[in-house]
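Please read the structure below before turning to the comments.
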Amino acid sequence: MNRYPVWKYILIVTTVMIGALYAAPNLYGEDPALQISAARGATVDAGVEQKVRDALAGKSIEPLAIEHEADRLLVRFADTDDQRAAQGEVAVTLGEDYTVAVNLAPATPRWLRYIGAQPMYLGLDLRGGVHFLMQVDMEAVTRQAEERYVADIKTLLRDKRVRYLPFNRSDGGGIYIRFRDAQGREDAFDLINEEQPDLLIEDDPAVTGDETALKVTVRPETFEQTRKFALQQNLTTLRNRINELGVAEPVIQQQGADRIVVQLPGVQDTARAKEILGATATLEFRMVDEEHDVQDALDGKVPVRSKLYRTRDGKPVLLKKDVMLTGEYIVDASSGIEQQNGSPAVFITLDGKGARQFSRATRDQVGRPMGVVFIENKSATEKKGGQFVRVKKTVEEVINIATIREELGKRFQITGLDSTEEARNLSLLLRAGALAAPVEIIEERTVGPSMGKENIDRGVLSCVIGFVAVLLFMIFYYRVFGLFANVALLLNVVLLVALLSMLQATLTMPGIAGILLTVGMAVDANVLINERIREELRNGNSPQASINSGYERAFATIADSNITTLIAAIVLFGFGTGPVKGFAVTLSLGIMTSMFTAIMGTRAIANLVYGGRRVAKLSI
């Protein structure tokens, strides 16, 4: 009686050892660091590392370590003073081809990182930073979609010589198209129905109020797809822009059907964050100037009707000043493979107005090269008067030069790309140059780093006080079996922290509250078990029988109470947002770990101490 098979002991010991291993990174803290990543067209290599070393040596700054991590460089420092002094110097040395982000890098030993052991992330309320909740204007998405189809319908009707009267927008959604006669309406109905399958056409006079009118609306499934695309494009655009803030580990995620959460740890300048998030970017298509020499332009003799640009790799190129098309007319861009020769390509879709404009511009340019210019307003670090300052700059770079194979219209492709990865990047730039729909900041919070440190100190202190109080009570009231419960409680905290670290969860103040609640609740199971053992002893059962009955008969009550709490946690996770979800996750994991340690853990210890031998009395 009261003996575990060997495999159960092995399971418990293995689980505890793995838990201790993955919880350990949280003990090592963090190093102030610079995270250096490459912008478009640049790479992080040994030459970049040498430039960083030389820049730091010039300022007599000695880094703790310089590490290569995938496609970025991580420079660790002993304190934040060195980190701040190094940021401006490194940013100026590397220039605009690299993003230099301030970061707190985990000081986890290399052997732990090798097995994937990482500490938990700290939320804004613990690290400090800026939180934005943004509302995407879906009504604007609807209007933009309708306007796009209006332009396409007008082009279609004009091409087929179907005469129509001015379009009117319906208050309830949709577009009214009126014609001079019923024959024009019938011709338009057939054309639109054939060429625009995404549209619903109503020709009932009772609906339109006119026997020579059609009501055109976008199908609900098409609208839904357009809204999802607009939201995803906004997410991509915001991620690209946040890179300019130099923020490590930002959080940009969708919340619900029309909201975006942006959390920027370590950023306290709310005005600058708003400025970057609302920045603009666009594209311009221009013909390459083949009549003049690029070298003459580099020598200062730029032709009057041309302008000198540079590609992403720094190569000079001369383009005409006349703009053929801007990015505002692009409604979609995707990467793929060109069918004729299997080379990477980007497939672009324009709206009706852009298609007409581009068709006229490229009609007489077949066989000649065309450049795509990416224009972005951004902030950069410069050194003025011995001080590092942020200045606004307009960056113009040629991201692609390709030969026009035929007259281009609504849909065309850009070829001549080096790789499929470059094609994906270009399609991303074409889609994410500007926000697809307006966004409004409906919630804003700023947490200072000092407040974050105070939150950590208070959270840790509350956990320690609660933990010690529970330990003292259990030892005082249940003696040896209280000590068993305390060991299980300690293992429960270790396993909970390990799980949160393995899941790379973000720890917030509500998460700390969940840990504290778990500490208090974890001993509930042991209280039930110990009270049941004491009751069995009072009924005259032997110590061994009392231990066995205590664990077996208390299990149903323990399971019932924990399952009830778990259901509440699942509901909180399903309906809550942000911090509430963090609390629910911590509580749910805590319930599972406490069930394991309180039932299997304490039973294993009790079996080792009392099992398999004659016992006259239990210390309980």
Subject >> Top positive-direction residue, dipole computed over the chain with Cβ charges, set I330, G128, T593 >> reply: T593
Subject >> Long-range amide H partners of S170 with built H, under 5 Å >> reply: I175, Y176
Subject >> Label-point separation in nm, R445 to D137, each point 7 Å along Cα→Cβ >> reply: 2.7
**OP:** Please sort 530-539, 516-525 by packing, taking for each peptide the average over its residues of neighbouring beta carbons within 10 angstrom, highest first.
**Re:** 516-525, 530-539
Original post:
Once Lys and Arg get +1 and Asp and Glu get -1 on their Cβ, which of L319, A297, L491 lies farthest toward the positive end of the dipole of the chain?
Top reply: L491
**OP:** Quote to one decimal, in nm, the extra length available between L27 and R368 on full extension: 0.36 nm per residue of separation minus the C-alpha distance between them.
**Re:** 116.5 nm
Subject >> Euclidean distance between Cα centres, the stretch 292-354 to the stretch 519-534, Å >> reply: 72
Original post:
Please report, for the Cα atoms of the chain, the Rg to one decimal and the Dmax as a whole number; what are they, in angstrom?
Top reply: 33.0, 108
Subject >> Mean separation of Cα contacts under 8 Å, 6 or more apart, over the residue count of the stretch 94-243: relative contact order % >> reply: 18
Original post:
Sorted by packing (mean other beta-carbon atoms within 10 Å per residue), highest first, where do 303-315, 334-346 land?
Top reply: 334-346, 303-315
Original post:
Along the positive direction of the dipole of the chain (beta-carbon charges: Lys, Arg +1; Asp, Glu -1; about the Cα centre), which of V464, G58, L618 reaches farthest?
Top reply: L618
Subject >> Degrees between helix 46-58 axis and first principal axis of the chain (Cα, 0 to 90, nearest 10) >> reply: 70
Subject >> Directionally averaged projected area (convex hull, Cα atoms, the stretch 139-223), nm² >> reply: 5.1
Original post:
Say the cut-off is 23 Å between C-alpha atoms; which of K51/K307; K160/K215; K51/K384; K160/K410; K59/K384; K160/K353 go over it?
Top reply: K51/K307
**OP:** Hey, can you grab everything whose amide H is under 5 Å from the amide H of A505? Only 5+ residues off in sequence or another chain; H modelled, so Pro and N-termini drop out.
**Re:** Y121
Original post:
Based on Cβ point charges of +1 for Lys and Arg and -1 for Asp and Glu, what charge dipole magnitude is obtained for the stretch 26-142 about its Cα centre, in debye rounded to the nearest 20?
Top reply: 260
Original post:
Whole-Hz Karplus ³J(HN,Hα) for the stretch 315-322, in order, using 6.51 cos²θ - 1.76 cosθ + 1.60 and θ = phi - 60°, x for Gly and Pro?
Top reply: 6, x, 8, 9, 10, 5, 6, 5
Original post:
If you place +1 on the Cβ of every Lys and Arg, -1 on the Cβ of every Asp and Glu, and leave all else neutral, what size is the dipole of the stretch 139-223 about its Cα centre, to the nearest 20 Debye?
Top reply: 420
Original post:
How large is the helix-only mean residue ellipticity at 222 nm for the chain, computed as the sum of -39500 (n - 2.57) over DSSP H runs with n ≥ 4, divided by its residue count, in deg cm²/dmol to the nearest 500?
Top reply: -16000 deg cm²/dmol
Original post:
What is the dipole size for the chain, taken about its Cα centre, with +1 at each Lys and Arg Cβ and -1 at each Asp and Glu Cβ, in debye to the nearest 20?
Top reply: 1900
**OP:** Show the residues, 5+ positions off or on another chain, whose built amide H is closer than 5 Å to the amide H of V218.
**Re:** L200
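FYI, it's all coordinate maths here, none of it is from the lab. Quantities reported herein were computed from a predicted structural model and do not represent experimental measurements. Every residue, glycine among them, receives a Cβ derived from its backbone with ideal geometry; neighbour counts consider all protein chains shown.
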